[in-house]
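Readers should treat all values here as calculations from the given coordinates under stated rules, not as data from a laboratory. Note that the coordinates shown come from a computational prediction; the quantities given were computed from them, not determined experimentally. Note that each Cβ is placed from the backbone with ideal geometry, even for glycine, and that neighbours are counted across all protein chains shown.
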Amino acid sequence: MAFQKPPGTQDFLPGAVERWQFVESKARDICRRFNFREIRTPIFEATELFQRGVGETTDIVEKEMYTFTDRGDRSLTLRPEGTAGAVRAFVENKLYGEPDLTKLYYIGPMFRYERAQAGRYRQFHQFGIEALGAVDPALDAEVIALGYTFYTEVGLKGVRVEVNSVGTPAVRAAFRERLLAFLEPKRSLLCKDCQSRIDRNPLRVLDCKVDQAHFEGAPSIIDSLDEECQTHFEKLQAYLTDMNIPFDINPRLVRGLDYYTHTAFEYKAEGIGAIDTIGGGGRYNGLVAEIGGPDQPGVGLGLGLERTVMLLEHQHTELPDLHAVDAYVIALGEAAERETAKLIHGMRLEGLSVERDYQGRKMKAQMKSADRLKARFTAILGDDELARGEIALKHMATGEQRFVPLNQLADEIKKSK
């Protein structure tokens, strides 16, 4: 029987996975500079965590979760997003007891049962951050700036930021009535999803990708903001302007999760079919209390790594070659063969990337292998060179070849880095 990967999943093979390594290493470096610390949570959690945190009327909870009952008759769900699990860990481990702001990041797989299409998979990967413990709009701006910095430094072009304020629960309740008055006469013209959302979660109707033509003249939540929300939103814009983060205000941006308050934002870029959203996030001041913790404010983001890598490929972005080896060692002769095992082990302990032949191939075939591996140097050791305590070192880019003492080989290669 020929096994195949499940629908909506991918194999990341050598030659392509290096792009992922580059993107992930860039994310970790930026988090270090912004003082976010890594957290790793289980890939499955109690189903109720996502029902309470994400929202029972969201598409994620209603249609897309991978939920199962374990042998202890517990309902568990593969995580469809990262915030709920990170906040659960924040509460369970009492991180709120620390005197400083809690700033966390994570990189890992998420799972949603969605119709597979370009840039959308059933197992996908997110880079996310969560900052808990402050209501300052400067923190919202820092989170947005971190995401924008990530996209800029991996080399993406044309990334746009859209921001909105979704207010507080009280603001949304008042806006809901104005929106319902606008939507009800149009109910029969809308798609089935929108007709269902009108009764359960009308703010999400404005996010529909099908019915935008029917929303001309719809009320804007920005016009319903109270003084507190308006001030928060204005300060956010001022901070982004001060940091030279370009942004547009999109009053219809609501995001697909119920826990957002005040700030909501998305990163947009073209090049992945009909999908242009590549990441987003917002503030969630009530979420910690909702899942059983103290009333602590928070703000965060989640960036899709599949979409990031696809855009890098679409834009033909040149990335550093993370897999080029420092040296390829060729042994000629029985004594040299034995010495090579010890030699390359020592070079690896010195921090160098080194490869050799294990298939008994001729020297010409081994040189071709060194070329395929983009080796910076080829080191050739014969029995005569071994007797003299030397090795021939060839610089592959220039063709220059010279003899160096065996015990100085690693140092000579490191000098050229």
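Its Cα centre serving as origin, segment 84-167 has a Cβ charge dipole (Lys and Arg +1, Asp and Glu -1) of approximately 580 debye.
Under 5 Å from the amide H of GLN126 lie the amide H atoms of GLY108, MET110, LEU305, each residue being 5 or more positions distant or on a separate chain, with H modelled from the backbone and absent for Pro and chain starts. Eigenvalues of the alpha-carbon gyration tensor of segment 256-352, scaled by 5 and square-rooted, set the equivalent ellipsoid semi-axes at 51, 23, 9 angstrom, largest first.
When the Cα positions of ASN35, VAL166, PHE111 are compared along the charge dipole of the chain, PHE111 comes out farthest toward the positive end, with charges on each C-beta of Lys, Arg, Asp and Glu.
Which entries of LYS364/LYS414; LYS394/LYS415; LYS26/LYS414; LYS342/LYS414; LYS26/LYS94; LYS26/LYS103 show an alpha-carbon separation above 22 angstrom in the structure shown? Exceeds cut-off: LYS364/LYS414; LYS26/LYS414; LYS26/LYS94. When both segment 151-168 and segment 330-369 are represented by their alpha-carbon centers, they are found 48 Å apart. Beta bridges from DSSP with both residues in the chain: antiparallel share about 80 percent, rounded to the nearest 5. Give a quick list of chymotrypsin sites (Phe, Trp or Tyr not before Pro) in segment 281-374 that DSSP marks as loop, anything other than H, G, I, E or B, with at most 10 other Cβ atoms within 10 Å. Sparse-neighbourhood loop chymotrypsin sites (Phe, Trp or Tyr not before Pro): TYR358. Working from Cα positions, state the angle (0 to 90°, nearest 10) between the long axis of helix 363-372 and the longest principal axis of the chain. The angle comes out near 20 degrees. With the convex hull of its Cα atoms as the shape, segment 352-417 has an orientation-averaged projected area of 4.7 nm².
Summing +1 for each Lys or Arg and -1 for each Asp or Glu among the other residues whose beta-carbon sits under 12 angstrom from that of ASP248 gives +1.
Using the Cβ of GLU306 as centre and a radius below 14 Å, the other residues enclosed give a net charge of +1, where K and R count +1 and D and E count -1. Our note on the geometry: Cα centres of segment 76-114 and segment 242-305, 15 Å apart. For the chain, take every pair of Cα atoms, bin their distances at 20 Å starting from 0, and report each bin as a whole percent. The percentages, shortest bin first, are 22, 44, 23, 10, 1. For the chain, find the longest principal axis of its Cα atoms and tell me its angle to the long axis of helix 169-183, 0 to 90°, nearest 10. That helix lies at roughly 70 degrees to the long axis.
Under 1.5 on a/c is rounded, so check that first for segment 121-273, then, if it is not, pick prolate when a/b is larger than b/c and oblate when it is not; a ≥ b ≥ c are the square roots of the alpha carbon gyration tensor eigenvalues. Oblate shape, in that a/c is at least 1.5 and b/c is the bigger or equal ratio. Computed from Cα positions, the angle between helix 227-242 and the longest principal axis of the chain comes to roughly 30 degrees. For segment 35-107, the share of alpha carbon pairs falling in successive 10 Å distance bins from zero is 18, 45, 28, 8, 0 percent. Here LYS362 is the anchor, and the aspartates and glutamates within straight C-alpha reach of less than 17 Å, apart from those fewer than 8 places off in the same chain, are GLU334, GLU337, ASP371, ASP383.
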